[in-house]
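To keep things clear, I will list the structure first and then write my remarks on it.
Throughout, read-outs are computed from the coordinates displayed, never taken from laboratory work. From a predicted model like this one, the values you see are computed outputs, not experimental measurements. FYI the Cβ positions are ideal-geometry reconstructions off the backbone, even for glycines, and counts take in every protein chain you see.
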């Protein structure tokens, strides 16, 4: 036995040096500090356009292979924004000019492809992405057509698709199907509204942005940074978080913060960024790849764009955000530099930033992420590092660090897999730490629709020491995964134990067919896994003990099996739990069953496989059955007990058996079974329409099928299978088989054309074979074209297929919902408008608002359904303080403890004249300026304005004065205050401005002091005013009038006009004339 330890330091250093010399793009060895630059951003956009831009069609290709595949409609809008961001970032005049032209070309190309009006698109989010991008295009180019389109598309969606009928607000995802409200429409809409407000200063768009965001934050987030995917009419909230939804939430929050100054919005963005970098990343902190789904694989493009908005806002704000800003900058730089360092020779970086795809087909949506990051993220030095990998846990194949040739696609087991693998391709995994004990075995989880191939395992380079070879055989399909175990050995076949830390290279080699297999994951084992891995195809002939059966001498399978026979297998490792089993059997007799027991022939039964009579011993088939995963976990001895039908011998021959972790869900055969509730399936997708989700894209030549694990037929067998399907072609056939693809055919349903893909009809077929008990049901879709959409099916009463869904009964609990937060009060005379966020509990239903004064309840409580998030309290005294209590209620009737808000803690103001408060209806003299002063509540005031006679007077520094000289008559002051928490006060105050001899005297003194009144005119006016006062005191109004007329003559003496300013003359004339009118 050889012992391979860590590579020597000298060899490791040499490897790094050679790799860096040959390819400056590789990141091998210890952490490196690098800094991307603006020239890198220029290089990236040039490479991107070279690979994907069709200048003739003025449109982006979907992938670097071009063909006839152009990018999808909504993604084109996102790539348009990437072009804009590159235009704004570059300092290269030639590139800037080219990108400016491309901004117009992308729009023109889309118009040429889809027409002038895109409101016929069923997806509201598709339209809204273009509204947002068009608003940005206007801000950059100032071309009116972009603003017109932005307003047209936003207004169409917001005006027609916002609905209070479900979830008390929010925008529907689709305009043709109102079954779900998604984050991917609501937060882009809020962000688009902010861009439109910045373009137009139209308050309508700011109000819309705040309204959409407030609803979305409560209904589509957990309140702590996690953004949910959607809320469905049928099933409620779906709390899945993705990059692009996190991104638009962040962007909308930052935009609202920048416009309003309300720091709650900035806090929201920070929380979402914190969640993203903690939960949507791999072990090294790198944003994970959300492919291969077409919508998600480029989500980092949207995320990085919006994180750049946050980066800028935090850097500018500083203060309490400084520490977070430093952390954010480091993380963004690490992600950007890693993505760019993992680019291929054509300067394209795949959407999987953790892996360097050296060659292959690149997708334009996935590849746009690195381009976007380089153009919007602030350059700084970043230390690159690769997290250690645990070889004894599953290493997902898509977590490669370097690779060539293959593609990434979805796996039926819920992760991703390497696909399109051909001979000569390879994948490398860095920093695999085998420890000191070491690994002696290897397991590859793979599937093959051909004869398979080989995986050669080497250390530290493609031509490094060979430590093993794994033979992957055909599994009957590209999604039929199985474990393929091997003991590690060198070129001479000698056993090998690998210790220490290494880079692991998996080289893919051909045996017969050009396409080899799909690789889902791999792991190493401390021992030889070939006989103990429950998820490998374990040869039935490799039993440790048996009774009542034989092992076929030529082929190794079990035959001549008697009723009651058994075979045992020691030390089978079920890992975390096996939920299903597949056996390869033939049966030329009456069939029977195989009972699976643990640890002894009398141990617990964890599953039973029913074996049908198949007509011949050479007719092999693979039969599935459910396993109790709560018992079949860990390491156990396994006993297979064979039972013949009616006690007969020879129930079957058994070739091999294999377990799976895919867990079944019991469904009633006589109930309504939704087609999309399949356990696994291949060659179809799902769509929404008409309020339903259904299987779609079913193309017969691809051999599609869906598996339902499992369906309980009970004790009475069904007579018919009913399906609800729609077809715009000639349709096709649905075959229902039990327990395997080639298991017993129990029914066949012929689906004919219905005249449309959403024109559903019920079709039926007889159940030819009696069926009872629990079975895994395979639906095979047969035909020569696109066949049909499948909505649901049943083996019972067909009326259940068209019966409306009963709303799901919410689970009950005893946990009270959380409290509301970020309450904003908008005080407007005798009314207080309230807005708030939360509760974020999915089962929250309503908020109860109670008003108290001095501990006594005022009026009846207001009850507001969750999602509305606003209430108006009326009939309150203008100058009184109140306590407002919020309590939340959930579907179980639990009530929160409550949150109290004191109105006195909000922003406040005073209007005073001569040191006395101005009250409603007051009369105040014009000789003293009006004083406007504001006071912070619990939050700092960011805006304070009093409006008088149409003129705004901001309270800079918390106060201002308003000159009332000569401005007589009835007045209305409008006061508006806003603090940093978004609380607002709006008050109107009516009063009367008058004058008197004392007021005029004060004005004379003030004007003399300011220089507005000088020379001999000062004593002349003062003397006339004093004479008028003396006469008035004596009761002689006539003489007082004479002296006031003298006052006016002196004031308007042309010879002395240069001794008084125009403003002073106007004010004094107005006051004097007012007194004369009153005295006469």
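Separation of the stretch 1001-1080 from the stretch 583-661 is 115 Å, based on Cα centroids.
Computed over the stretch 395-525, the quotient of the alpha carbon radius of gyration and 2.2 N^0.38 Å is 0.97.
How do 394-407, 225-238 rank on mean C-beta neighbours within 10 Å, highest first?
394-407, 225-238
Grab the eigenvalues of the alpha-carbon gyration tensor for the stretch 538-660, scale each by 5, take roots, and send me the semi-axes largest first in whole angstrom. Don't skip to the answer; put the middle values down first.
Values: eigenvalues 96, 42, 36 Å².
Taking √(5λ) for each Cα gyration eigenvalue gives 22, 14, 13 Å.
Put simply, when 463-469, 1060-1066, 361-367 are sorted by average Cβ atoms within 10 angstrom per residue, most first, you get 361-367, 463-469, 1060-1066. Sorting the Cα pairs of the stretch 302-386 by distance into bins of 5 Å, from 0 upward, gives 3, 16, 24, 22, 16, 10, 6, 3, 1, 0 percent per bin.
Scattering from the C-alpha atoms of the stretch 911-1031 alone, worked out with Debye: what is log10 I(q)/I(0) at q = 0.15 1/Å? Evaluating at q = 0.15 Å⁻¹ gives log10 I(q)/I(0) of -0.75.
When you restrict to C-alpha pairs under 8 Å that are six or more residues apart and normalise by the size of the stretch 396-449, the relative contact order lands at 34 percent. Between the C-alpha center of the stretch 800-818 and that of the stretch 888-940 there is a gap of 44 Å.
Quick check: the angle from helix 299-317's long axis to the longest principal axis of the chain, C-alpha only, nearest 10 degrees? The angle comes out near 30 degrees. The angle between the Cα long axis of helix 73-89 and the main principal axis of the chain comes to about 60°, on a 0 to 90 degree scale.
In this calculation the C-beta distance from residue 155 to residue 943 is compared with R0 = 35 Å, giving a FRET efficiency of 0.80.
The stretch 321-471: D in µm²/s via Stokes-Einstein (Kirkwood Rh, Cα pairs, 10 °C, 1.306 mPa s)? Before the final figure, lay out the partial values.
Numbers: Rh = 17.4 Å.
Rounded to a whole number, D works out at 91 µm²/s.
Rg and Dmax of the chain, based on Cα coordinates, read 38.6, 141 Å.
Quick check: convex hull of the Cα atoms in the stretch 783-848, volume per residue, rounded to a whole Å³? Write down the numbers at each step before the final one.
On the way: hull volume 16.7 nm³, N = 66.
Per-residue hull volume (Cα only) is 253 Å³.
For the stretch 821-904, list log₁₀ I(q)/I(0) at each q in 0.21, 0.22 Å⁻¹, using the Debye formula over Cα point scatterers of equal strength and ignoring solvent, two decimals each. Listed by q, the Debye log ratios stand at -0.97, -1.05. According to the Kirkwood relation over distinct C-alpha pairs, the hydrodynamic radius of the stretch 136-208 is 12.9 Å. The spacing between the stretch 836-857 and the stretch 148-211, judged by their C-alpha centroids, is 27 Å. Summarising the label geometry, the points placed 7 Å from Cα in the beta-carbon direction at residue 423 and residue 728 lie 4.4 nm from one another. Against the chain, whose longest principal axis is taken from its Cα atoms, helix 263-279 shows a tilt of about 10°. Looking only at the stretch 1056-1080, which residues have a backbone nitrogen under 19 Å from a spot 7 Å from the Cα of residue 1039 in the C-beta direction? So the set is 1076, 1079-1080. Largest first, the three principal axis extents of the alpha carbons in the stretch 90-153 are 40, 22, 18 Å in whole numbers. Here residue 279 and residue 992 are evaluated by their C-beta separation; at R0 = 45 Å the FRET efficiency comes out at 0.10.
The C-alpha atoms of the stretch 40-384 occupy a region whose extents along the principal axes are 53, 48, 38 Å, arranged from largest to smallest.
For residue 233 and residue 956, FRET efficiency with R0 = 51 Å and r from the beta-carbon atoms, rounded to 0.05? The value I calculate is 0.50. The translational diffusion coefficient of the stretch 666-783, from Stokes-Einstein at 37 °C and 0.692 mPa s with a Kirkwood hydrodynamic radius over alpha carbon pairs, comes to 227 µm²/s. The C-alpha atoms of the stretch 713-865 occupy a region whose extents along the principal axes are 78, 38, 25 Å, arranged from largest to smallest. One chain, two ends: residue 891 and residue 1073. Fully extended at 0.36 nm per residue, the span grows by 58.4 nm beyond their Cα-Cα distance. The overall shape of the stretch 129-283, judged from the alpha-carbon gyration tensor, is oblate: a/c is not under 1.5, and a/b is no greater than b/c.
Hey, what number do you get for the chain at 222 nm if only DSSP H runs of n ≥ 4 count, each worth -39500 (n - 2.57), divided across all residues, to the nearest 500?
On the way: 17 runs with 290 residues, N = 1080.
Here the helix-only value at 222 nm equals -9000 deg cm²/dmol.
For the stretch 640-734, the convex hull spanned by the alpha carbon atoms encloses 190 Å³ per residue.
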